[in-house]
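Below is one structure; the comments refer to it alone.
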Amino acid sequence: MLILRTVLVIHLAVLVAYTLIVIQNHGMTLMPVFFGDMAAMAWPGQFNLDFMGFLILSALWTAWRNGFSALGLILAVVAAFGGMAFLSIYVLILSLGTDSIRDILLGINTR
């Protein structure tokens with residue numbers, strides 16, 4: 001569990017630093033660039049489409065893990081827009097309450 005937590009913290013720190021530099025250099029123009037690359041039908045757009053699939057999967061998992069409760073649905077929206085910044089914090093917090101990957105992954109669905 002220590003390795004997982006370490007990877008999550010390191011990745012979050014690198015991601016935040018990188019994001020701040022990108023915002024400083026290019027502003028808060030993510031959406032036009034993200035969807036513009038997809039509309040251009042080139043490799044950056046293919047990567048964005050693939051990544052969007054991971055965001056949707058992350059959101060669905062988050063909602064499912066929480067039994068599609070109101071909190072789970074709110075967290076799912078945050079997951080869809082927050083990406084790895086959300087997921088690294090969420091899994092890190094979950095890991096502090098257990099040493100079981102099974103509990104982290106399944107949440108209330110432990111049957």
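Values as computed for the structure displayed
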{"read-out": "Listed candidates [x] -0.68, -0.94; [y] -0.55, -0.83; [z] -0.49, -0.75 - label of the one calculated as log10 I(q)/I(0) by the Debye sum over Cα atoms at q = 0.14, 0.17 Å⁻¹", "value": "[x]"}
{"read-out": "Signed unit charges on C-beta, dipole axis of the chain, positive-most listed residue ASN25, GLY107, ALA59", "value": "GLY107"}
{"read-out": "Rounded to 10°, Cα long-axis angle of helix 30-39 versus longest principal axis of the chain", "value": "70"}
{"read-out": "Spin-label model distance (nm) - HIS26 vs ALA13, 7 Å beyond Cα toward Cβ", "value": "2.5"}
{"read-out": "Between helix 2-26 and the chain: long-axis angle, C-alpha atoms, 0 to 90°, nearest 10", "value": "20"}
{"read-out": "Residue order, fewest to most surrounding Cβ atoms within 10 angstrom, among MET28, MET38, MET1", "value": "MET28, MET1, MET38"}
{"read-out": "Residue among ASN25, ASN66, ASN48 with the largest mean-square fluctuation in a Gaussian network model of the chain, springs linking Cα atoms under 10 Å", "value": "ASN25"}
{"read-out": "Crossing angle, helix 70-96 versus the chain [Cα axis fit, 0-90 degrees, rounded to tens]", "value": "70"}
{"read-out": "For HIS26, HIS11, order by how many other beta-carbon atoms lie within 10 Å, fewest first", "value": "HIS26, HIS11"}
{"read-out": "Neighbour cut-off at most 16 other Cβ (10 Å), DSSP loop, chymotrypsin sites (Phe, Trp or Tyr not before Pro), region 57-111", "value": "PHE68"}
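Read-outs: derived from the displayed coordinates by stated rules, not from any lab. These numbers were taken from a predicted model, which means no experiment stands behind them. Glycine gets a Cβ as well: all are built from the backbone with ideal geometry, and neighbour counts include every protein chain shown.
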